[in-house]
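Here the structure is laid out as structure tokens; the discussion comes afterwards.
The values are calculated or read from the model by the stated rules, or taken from the named source; none is laboratory data. For clarity, every value in this text was computed on a predicted model and none was experimentally measured. Please note: Cβ atoms are built from the backbone with ideal geometry, for glycine as well, and neighbour counts cover all protein chains shown.
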Amino acid sequence: MSNKKFYVTTPIYYVTARPHLGSLYSTVLADVCARWNKLQGKKTFFLTGTDEHGQKVAQAAKEAGKEPKVFVDSFIDVYKKIWRDYELSYNDFIRTTDSRHEDAVQAWIKKVQKTGDIYKAYYEGWYCIHCEAYLTETDYDRSLTYKPDQGPACPLCKRPTSFTSEEAYFFKLSAYQDKLLKFYKENPDFITPRERFQEVISFVKAGLKDLSISRTTVKWGIPFPNDPSHTCYVWVDALINYISAIGYGQSNKKKEFDFWWPADLHILGKDIVRFHAVYWPAFLMSANLKLPKQLLVHGWITICGKKMSKSLANIVDPEILYEKYGAEPIRYYLLRQIPVTQDGDFCLEDLEQRITSDLANDLGNLVNRMLMLAQKNNVSTIAVQTNWSEAALKLREEAWNMIDDVEKYMEDYLFHMALARIWKFIAHVNAYFHAQEPWKLAKKDLGQFIEVLSATCHSLHTIAFLLWPTMPSKMEELISALGFSFDVEHNIITNLKLNRWTEEFKLTFIPALFEKVILESKEKQGSRECTQQGSAKEQESTIPIDVAAQIELRVGTIENCEEIPKSDKLLKLTVNFGPKGVRTVLAGVKKWYQPDDLIGKQAVFIYNLKPRKMLGMESHGMMLFAESEKGRLEYITPTTSVPDGTKLR
Ligand code: ME8
């Protein structure tokens with residue numbers, strides 16, 4: 001392993017409740033980054049944890065009728081279990097109530113006190129006695145005037161606040177304005193995406209005020225050194241986790257600290273950019289520490305367009321999702337469906353579509369067909385090939401191009417593009433496998449048959465390593481089915497690029513990597529069944545006759561068929577249902593049919609399916625197909641022509 005290192009962090013989550021899909025999302029992103037760097041042979045350190053002090057947590061504990069420490073302790077095992085279920089390979093789980101962390105926070109305060117960046121003064125503002133919190137300037141309308149004892153309403157409890165002044169320690173943030181701007185200028189890649197960076201620059205240019213970093217009103221916090229009537233402001237406490245976990249403030253951990261710090265990547269949601277991009281670098285500068293190399297700011301996961309929140313009762317519970325679909329399909333969906341810097345709606349229907357079409361059909365079937373064919377023909381060892389046919393050489397070229405593209409996308413955190421690029425290659429491998437008709441070659445040309453298996457295995461070998469950060473255990477299973485063991489001691493990406501397709505494979509038959517999900521009317525269920533209010537209902541394997549009778553199947557003639565340029569799967573069909581009218585139906589069969597193959601043909605459709613939007617187009621109905629032994633989708637047509645719109649019985 002090289003001496004290069006990669007240190008990645010997630011935000012530390014407030015332990016006021018169980019983890020939700022949003023916290024899972026940040027942690028999955030960090031895991032994928034850590035694993036991608038491992039593939040490059042780097043030593044990696046992946047840190048996550050929990051933010052356990054402060055007013056918010058104390059309030060939640062009070063409502064639960066528990067002491068704060070007992071309250072926060074009760075969530076830790078749940079976090080760790082869910083993180084383990086989702087294969088999140090963190091190296092350390094820091095809790096801000098750990099004594100090593102409390103020591104580090106006090107060490108930082110002492111250091112900055114020596115620098116002269118901390119002073120004592122009065123903190124003034126509108127204070128809610130009930131919630132024990134000051135309002136921020138964004139919480140009220142500054143153009144209005146209020147009486148001192150009847151201030152603006154508290155955003156949390158809606159009670160009037162009162163003007164309060166208390167003694168506090170301040171950090172001289174204002175002294176860092178120019179230094180921060182200089183740092184931003186010299187490090188144009190500090191924040192991804194650029195829009196977020198621009199917002200930060202504008203905020204700092206507008207002027208920085210000194211920051212109050214202690215509270216006398218909040219008891220649940222780390223005491224200030226030599227002044228225990230003050231506790232440390234929760235954001236100072238929280239940010240220091242990134243250095244406390246790797247040994248800051250511990251004399252016996254200096255070597256470890258110097259090796260890992262600065263962090264290579266902090267991953268965070270867009271709600272907490274200012275803390276990480278302004279306060280944190282200033283805190284580090286003041287303590288004479290290096291600054292983190294990069295912040296990756298991701299978007300929100302929304303439910304039906306709304307941010308998940310307890311008040312909307314739309315929190316998606318990762319544990320319920322895990323029980324229903326397994327960890328890796330969820331990891332794949334989150335990365336493939338949502339461009340990392342944008343918001344993305346979580347939708348069960350899309351998730352199930354991805355599982356069935358991308359994982360079970362495109363990838364799972366390919367693996368299964370190849371292994372089954374080898375087994376059927378008693379082939380378990382695939383010898384090194386020396387002379388490749390032109391079709392195999394083309395596939396190899398495509399594999400190499402894919403590695404280069406995937407590498408670029410991963411470096412830019414374009415995970416969705418990297419996965420789409422891998423799936424483009426999977427479509428090539430499927431097309432190659434299909435065109436070579438190895439089931440026929442097995443009977444007439446054994447040499448050629450083995451070549452097709454070998455080319456397919458080489459392709460799958462590359463795919464499995466590139467997909468490992470996203471779906472680690474499934475890909476390890478695939479790698480082992482090809483006769484290899486998983487070993488990240490070397491720079492695997494470089495090795496893949498250097499690989500001239502000279503491997504020998506020893507195949508072991510494995511059961512299907514991914515199960516298809518039966519796509520039922522998800523509109524009815526929405527995302528509710530995976531929210532904490534819902535329950536994971538078992539899917540029944542049989543349906544009563546009245547349910548079957550609800551499905552209306554009709555014959556229609558495909559009058560027109562066009563390719564959709566943006567899609568490598570969909571064809572757009574114009575279907576005439578006679579007296580029932582003409583409709584647009586989208587069908588994911590571009591892989592098997594040219595438009596001319598379908599124009600003029602009669603086929604069977606689910607007629608009363610609720611219209612669905614795909615790629616901005618509405619599909620009204622579903623064309624039915626039967627999957628052949630070779631994995632091709634064959635459309636279903638009446639044996640003799642019937643009037644358009646005829647209902648099936
Ligand atoms: O802010 N979509 O903790 P927190 C995507 N303790 N990500 C989401 C999300 C959603 N709907 N909801 C939450 C805190 N997140 C502080 C952090 S760090 C030194 C201290 C993710 O529990 C996202 O990363 O409120 C967001 O920044 C983080 O959870 C906030 O977690």
Inside the stretch 580-595, can you point out the residues that are touching a residue at least 12 places away in the same chain (Cβ under 8 Å) and over 35 Å from the mean Cα position of the chain (by Cα)? Lys580, Val582, Arg583, Pro595
Between Ala34, Ala60, which is in a helix (DSSP H, G or I) and within 15 Å of the ligand (Cβ to nearest atom)? Ala60
Can you name the number of the only condition in (1) farther than 26 Å from Ala418 by Cα; (2) more than 10 Å from the ligand (Cβ to nearest atom) that Leu351 fails? (1)
Quick one: in the stretch 304-329, which of the residues that are outside any helix (DSSP H, G or I) and more than 24 Å from Tyr14 (Cα to Cα) is farthest from the ligand (Cβ to nearest atom)? Gly326
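Here's the yes/no breakdown for (1) within 16 Å of Cys457 (Cβ to Cβ); (2) surrounded by fewer than 16 Cβ atoms within 10 Å (Cβ to Cβ):
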site	(1), (2)
Val379	yes, no
Ile382	yes, no
Gln385	yes, no
Lys394	no, yes
Tyr409	no, no
Met417	no, no
Trp423	no, no
Yes/no for Val112 being within 16 Å of the ligand (Cβ to nearest atom), of a type in the set (A, V, I, L, M, F, W, C) and in contact with a strand residue (DSSP E or B) (Cβ under 7 Å, 6 or more places away or on another chain): no
Condition check for Asp73: surrounded by 23 or more Cβ atoms within 10 Å (Cβ to Cβ), among the acidic types (Asp, Glu) and not assigned by TED's automatic domain parsing to the domain that holds His490: no
Give just the number: which of (1) touching a Phe, Trp or Tyr at 6+ places or on another chain (Cβ under 8 Å); (2) buried (at least 19 other Cβ atoms within 10 Å of the Cβ); (3) under 26 Å from Asp85 (Cβ atoms) does Thr302 not satisfy? (2)
Is it true that Ile109 is closer than 22 Å to Val28 by Cβ and in the same structural domain as Pro228 (by TED's automatic domain parsing)? no
Scan the stretch 47-65 residue by residue and report those that are under 19 Å from Val78 (Cα atoms) and either surrounded by 23 or more Cβ atoms within 10 Å (Cβ to Cβ) or touching a Gly at 6+ places or on another chain (Cβ under 6 Å) (or both). Leu47, Thr48, Gly49, Thr50, Asp51, Glu52, His53, Val57
Yes/no for Pro292 being over 23 Å from Lys205 (Cα atoms), in contact with a Pro (Cβ under 6 Å, 6 or more places away or on another chain) and more than 11 Å from the ligand (Cβ to nearest atom): no
Scan the stretch 52-65 and tell me whether some residue there is under 19 Å from the mean Cα position of the chain (by Cα) and in contact (Cβ under 8 Å) with a residue 60 or more places away in the chain. no
Any chance you could count how many residues in the stretch 1-28 are within 14 Å of the ligand (Cβ to nearest atom), over 14 Å from Pro318 (Cβ atoms) and of a type in the set (A, V, I, L, M)? 3
Among (1) acidic (Asp, Glu); (2) without any contact (Cβ under 8 Å) to a residue 60 or more places away in the chain; (3) closer than 17 Å to Gly588 by Cα, the one test that Asp345 misses: (3)
Would a scan of the stretch 230-251 turn up a residue that is surrounded by 21 or more Cβ atoms within 10 Å (Cβ to Cβ), within 9 Å of the ligand (Cβ to nearest atom), within 25 Å of the chain's Cα centre (by Cα) and farther than 29 Å from Val204 by Cβ? no
Filter the stretch 390-411 for residues that are touching a residue at least 60 places away in the same chain (Cβ under 8 Å) and within 17 Å of the chain's Cα centre (by Cα); which is farthest from Asp568 (Cα to Cα)? Met410
